[in-house]
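The values are calculated or read from the model by the stated rules, or taken from the named source; none is laboratory data. All values derive from a computational prediction rather than experimental measurement. Every residue, glycine among them, receives a Cβ derived from its backbone with ideal geometry; neighbour counts consider all protein chains shown. Note: areas computed on protein heavy atoms with side chains; ligands, DNA, RNA excluded. Shrake-Rupley method; radii C 1.70, N 1.55, O 1.52, S 1.80 Å.
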Amino acid sequence: MREGTETLVRRELYSAPAYWIRSVDLSFDLDPIKTLVISRMQVEPNSAFAGHHEALRLDGEDITVTRVQVNGQSISFRLENGQLVLENLPSEPFQLEIRNTCSPEKNTRLNGLYTSGGGFFTQCEAQGFRRITFFLDRPDVMATFKVTLRANKQSYPVLLSNGNKVESGDLDHGRHYAVWVDPHPKPCYLFALVAANLVCREQRVVSRTGKDHLLQVYVRSGDLDKTEHAMQSLVAALIWDEARFGLSLDLERFMIVAVSDFNMGAMENKGLNIFNTKFVLANPATATDVDFGNVEAVVGHEYFHNWTGNRVTCRDWFQLSLKEGLTVYRDQEFTQDMAGSPSARAVKRIEDVRQLRQIQFAEDAGPMAHPVRPDSYQAIDNFYTSTVYEKGAEVVRMMATLVGRAGFARGMTLYFERFDGQAVTCDDFAQAISDANPDSALAPRLEAFKRWYAQSGTPRVQASGEYDADNRRYTLTLSQSCPATPGQSEKQPFVIPVALGLLDREGRALPMQFVGGPLASPTERLLVLEEASQSFTFINLDSAPVPSLLRGFSAPVILQAQASQDDLLTLLRHDSDAFNRWEAGQQLGLERLLAAVQADQNGEEPTLDAAFIDAMQALLRDESLDAAFRELLLTLPSESYVAERLVERGVAVDPQTIHRVRDAFRAQLAQALHADWAAVWDKHAQTGGYSPDAISSGRRALANLALANLVLDAARSGDTVWPGRAYQRCKDATNMTDRLGALSALVQAHAELAEPALARFHAQFQGEALVIDKWFTLQATAPESNGRVFARVKALAQHPDFSVKNPNRARSLLMALTQNPAAFHRADAAGYVFWAEKVIEIDAINRQLAARLARGLDRWRTLAEPQRGAAQEALQRVAAKPDLSADVREIVSRALAA
Ligand code: BES
Ligand code: ZN
């Protein structure tokens, strides 16, 4: 079906709706082939439009209308661009009843009402509700919902919707019904229903307000033993939001439902969160530490939306970061607080920043670059991006930094006082945070600060310091610039909070005093860079200090400081800021990777120097450092991060060279530190009974890195002991983290034992879909070596367990391939041919999923030949398909645009 929706939606053109829908009474006769929906709405003309009779245009998609009545009388209607248009309506409030049908089984897009594993589920954000019934499908129209579900009792014993169950009972012909009422007005994107054969884990909690709540986690009957962690995370999130922000649960019942076919991670429907099984189900036997962490974060995230998203929602979809950026900030803070120690918090921060820099920075440098609050879109589903989410969270974090922790809490309180129950904008949020903190560093520069919402691109910050020995002064000059991005050639300066410390050569923190500043001389200061260039002078310094800039990654910028090797080594050894210690190590590794990639052109072998190896050895041996932190320190910057840094220096990217160089460095670290890896393994291999806490998961992460290095080095030395140990661990491990770590060590080293270990693993976990996903991903993300990884991916695409219809499975193989640069970006273009085939194949089934996969070639312009031309051809091949969805069309046409 050719889409008529390839038009641009613009933020500037927002206007309030001509009508409000105040309440809706929905009734569903659920049937997989043909479900009947009756919607009775209380409609009210918007008084702002009084005087003239506006037509009421209701959104609808892939549904069939059978009857329309106004105040009980059938009326005529017409369909125009998919909208149901009603004219000559009463000027007073009226009742509108619409009957329509839809086909859940045919709904492979997993948007609207669909079937999965024999049950019915919904996904309405952003614009799925219009695929269920005709409605004003926009977030600023908020209604109370009453929902009646009718379905066969045996096949669908559980009937759920938002709010509270007020009635249920049996009907004729083996059917039954349930009635749900949600007293909170909500936009339709927060509507949900579930009808399925599920079981649930329950828990009652009493909130601070003294109210009683019922918490439930619904899963298929075999999965009940994987729900404990999700329930614990939910309870923890509830307690945390009360303690940190004074926000309590406003519902008697809060339900989480797991579904295995789901486009996204999870969805915050009011009182009825629907989750991808991947982010609910976890037990030690099937889930890794990373999975446990993700479950906690996602359960927290969706729960936090109940205030930041549901109680206060978005006026329009351009304001998406209002809820997503803020809620990601909240889930990041939650997970940090749950991690406990300062070191564990830093580990979490490093992981978040690594993700931001790898994905969001690349997005902001490519054809999909857009502001945190975008100006236009073709398909809104394409704008659930790392920019809106992760950069949006950094924008909130910077505000919190500028007003302080208590000030931010005050700002949140004011935000809810002003806007509870409303649909608002990013401006409204920033204004509330600022107004609650009139004396803060934010208030006087709020307008300039808000450029973070409007300007795309990653700012560069240059830093240079000068020490004046005669006057014992140090002057730090910071300047900023931001490259042009699509549609934005000129940028105005950003407001950039720069957390700074100064160290002496021995690594001691120095007191920092300004000329004429207050006498207090803390060892960390927050500078605010808001001009193109600014200087800051510190006094009473006996020697040239080593600056520790942008501590904790205080702003989402690319720092270009001319730190010497000595400075970086000082920071790596001594900085009190754990983030900057790690950053100094990454910088040291990065410089070597970049130099080796360049030197490769002259046929030079990549070789790590002794200074670097010694520094890494000292860290690996340093038992005062948490295992998790050591694991991060000893991991080199990723291939895609190296690629982006090369692009910045004007070098065309050859993924094969980067891969070869990084692999060589890994092998050298494995060899040079062999004895240390073995010692670390001995000390950390046995982790005892499983607990997902930060300390034990850190120990497992370090043990797995050690094992990977030992098995890798065995590939060089011909040793068979370490591969044998890894194989044994694959068999004997008592938790998935250890088991997958051992399997991964074998697969990554292309050890002979990898094959039998993979076969054994597959046989052992045949019935566990989420584990089989890991099995696919592991093979697709192995380090490429003579094309065998890509060949394996193509073979796996034919595996009986593979299917593009299940998003998790499709992602486990195909997205994984696009994230494995050397396997994907082949000189013979086979990776791109395969990619184009799959994008087109999936687009016909699930456009949202296809559009995600389509982004795999966003950065084609940065590639060296022959990849660059081949990638362009593949994009053109996709773009040439006439019946492409608007979603995929938007991605490929942006990528190809000059
Ligand atoms: N509201 C989103 C889910 C969503 C996004 C549904 C786009 C439909 C279209 C939800 O709150 C969310 O942000 N989920 C994330 C996970 C989260 C932890 C960042 C997701 O699904 O990836
Ligand atoms: Zn969200």
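Separation of the alpha carbons by more than 31 angstrom is noted, of 270/348; 391/794; 348/774; 106/153; 323/348; 165/278, for 391/794. Here's the picture: charge each Lys and Arg Cβ at +1 and each Asp and Glu Cβ at -1 in the chain, and of 800, 482, 304 the one pushed furthest to the positive end of that dipole is 800.
The string of couplings for the range 376-382 from the Karplus curve (6.51, -1.76, 1.60, θ = phi - 60°) is 7, 8, 9, 10, 4, 4, 6 Hz, one whole number per residue in order, with x for Gly and Pro. Computed from label points 7 Å out along Cα-Cβ, the spacing between residue 22 and residue 435 is 2.7 nm. Taking only protein heavy atoms and a 1.4 Å probe, the accessible area of the chain is 48% carbon and sulfur. Residues in the range 326-343 carry Karplus couplings, in order, of 5, 6, 5, 4, 5, 6, 5, 5, 4, 5, 4, 5, 5, 5, x, 4, x, 5 Hz; the curve used is 6.51 cos²θ - 1.76 cosθ + 1.60 with θ = phi - 60°, and Gly or Pro positions show x. Scaled against 2.2 N^0.38 Å for its residue count N, the alpha carbon radius of gyration of the range 821-898 is 1.00. Rounded to the nearest 10 degrees, the angle from helix 228-245 to the longest Cα principal axis of the chain is 90 degrees.
Our note on the geometry: Cα centres of the range 114-141 and the range 493-566, 51 Å apart. At a probe radius of 1.4 angstrom, the accessible area of the chain per residue rounds to 38 square angstrom. Between amide H atoms placed 1.01 Å from N, distances below 5 Å from residue 554 occur with 499, all of them 5 or more places distant or on a separate chain. Couplings for the range 116-131, taken from phi via the Karplus curve 6.51 cos²θ - 1.76 cosθ + 1.60 with θ = phi - 60°, read 8, x, x, x, 9, 9, 10, 9, 10, 6, 7, 10, x, 4, 5, 8 Hz in order; Gly and Pro are left as x. Annotation for the range 620-660 versus the range 34-78: alpha-carbon center distance of 57 Å. Taking 0.36 nm per residue of separation and subtracting the current Cα-Cα distance, fully stretching the chain between residue 64 and residue 833 would add 273.0 nm.
Amide H contacts for residue 23 (H built 1.01 Å from N in the peptide plane; partners 5 or more residues away or on another chain; cut-off under 5 Å): 42, 144.
Across the chain, how large is the tail of the calculated P(r) beyond 44 Å, expressed as a percent of all Cα pairs?
Everything past 44 Å amounts to 31 percent.
If you average the C-alpha positions of the range 169-237 and of the range 680-711 separately, how far apart do those two centres end up, in angstrom? Taking the Cα centre of each part, the range 169-237 and the range 680-711 sit 36 Å apart.
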